[in-house]
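Notes follow the structure.
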Amino acid sequence: MLDLDDKPSRHALTRAELDGLIEPLVERTIRISRQVLADADVTPAQLGGCVLVGGSTRIPLVRDRLEAFLGKPPLGDIDPDEVVAVGAALQAEALTAGSDTLLLDVTPLSLGLETMGGIVEKVIERNTPIPVARAQEFTTYQDGQSAMAIHVVQGEREMVDQCRSLGRFVLDGIPPMVAGAARIRVSFAVDADGLLSVSASEQTTGKEARIEIRPSYGLSEDEMARMLRDSLDNAEMDMEARLLAEAKVEARRTLNAVQAALAADSDLLADEERTAIATLGATVERSLSGKDREVVAAAAEALEQGTKIFAERRMDRGIRAALAGRSIDRLGL
């Protein structure tokens, strides 16, 4: 019986009609349960039991679907209306008197930073228990680079523009070196209160910069759920975008290295050799404006193969320069 505008109204609802109305919600629950198990790397057979929470879990359809999914009936000896209170009491006991079943907080979304090409490099994966500390080493992209911008992001997508920006800072004072020679250690640490500290240090000088962020600030449960759904729905497309971006970064790195070598030692090449390398470089440049990963990779590979002889001549010149004026006896040969 429903009371509408102070007027009682009687309606009949069959079990089949109820099941039809709640079917989408039950299926969504099963999908979420399947994803939770996948995240924990656990199979239904490994579960000791399934505890039901909330009065709606008394509906036979809910219990039947769970039993079909898990391969065993859910536990029925705990009142679903009281189970949250019981769990809270057990957690309070674990925090005060001690217990083997202490519940730990986890990072709800992955934490990482932006790398070349707008790619996200995850440093702390989602569902990692906190407190936690992780670190990775990175390097410079260009010759003589003396500073590095650190962009901290949160989310499950592969590209930066699809994740949540948490903060930025700059590490400067990096000694000028050839690209890839510097060693920059970036450390992420999340404390028990959920405060994220990110630091970057150059390993030869000890120069350091850092930032502190509260990743959960301003982010609702619904927004986190949406970000997770988006990552699942777009997983294949995101990976394709990441692979394309990585191919372009490597192709650009190769092109930059060849251009720097030509600026320093182009006299080692005949005119026709310089023209051939320039043609290969132009092909790489054109491929970078496209969206075909295979074309980009093929162009970069052709440039590498086409400059092998040039690289050998440069190496010979370097060795001769290093040995100039030194006797065989001094070399210990």
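Okay, here's what the table says:
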| item | result |
| --- | --- |
| Residue check for Leu52: in the same structural domain as Thr29 (by TED's automatic domain parsing) and more than 32 Å from the chain's Cα centre (by Cα) | yes |
| Any hit, segment 248-267, residues being over 19 Å from Val120 (Cβ atoms) and either of a type in the set (Asp, Glu) or assigned by TED's automatic domain parsing to the domain that holds Gly180 (or both) | yes |
| Test: residue in segment 74-85 that is of a type in the set (Val, Ile, Thr) and not assigned by TED's automatic domain parsing to the domain that holds Pro44 | no |
| Condition check for Ala282: at pLDDT below 90 and assigned to a helix (DSSP H, G or I) | no |
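Yes/no matrix, rows are residues, columns are (1) in contact with a His (Cβ under 8 Å, 6 or more places away or on another chain); (2) at pLDDT below 90; (3) farther than 19 Å from Val123 by Cβ:
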position: Arg185; (1), (2), (3): no, no, no
position: Phe188; (1), (2), (3): no, no, no
position: Ile213; (1), (2), (3): no, yes, no
position: Arg226; (1), (2), (3): no, yes, yes
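The values are calculated or read from the model by the stated rules, or taken from the named source; none is laboratory data. Please read all numbers here as calculations on a predicted model, not as lab measurements. Heads up, the Cβs are rebuilt from the backbone with ideal geometry, glycines too, and the neighbour counts pull from every protein chain shown.
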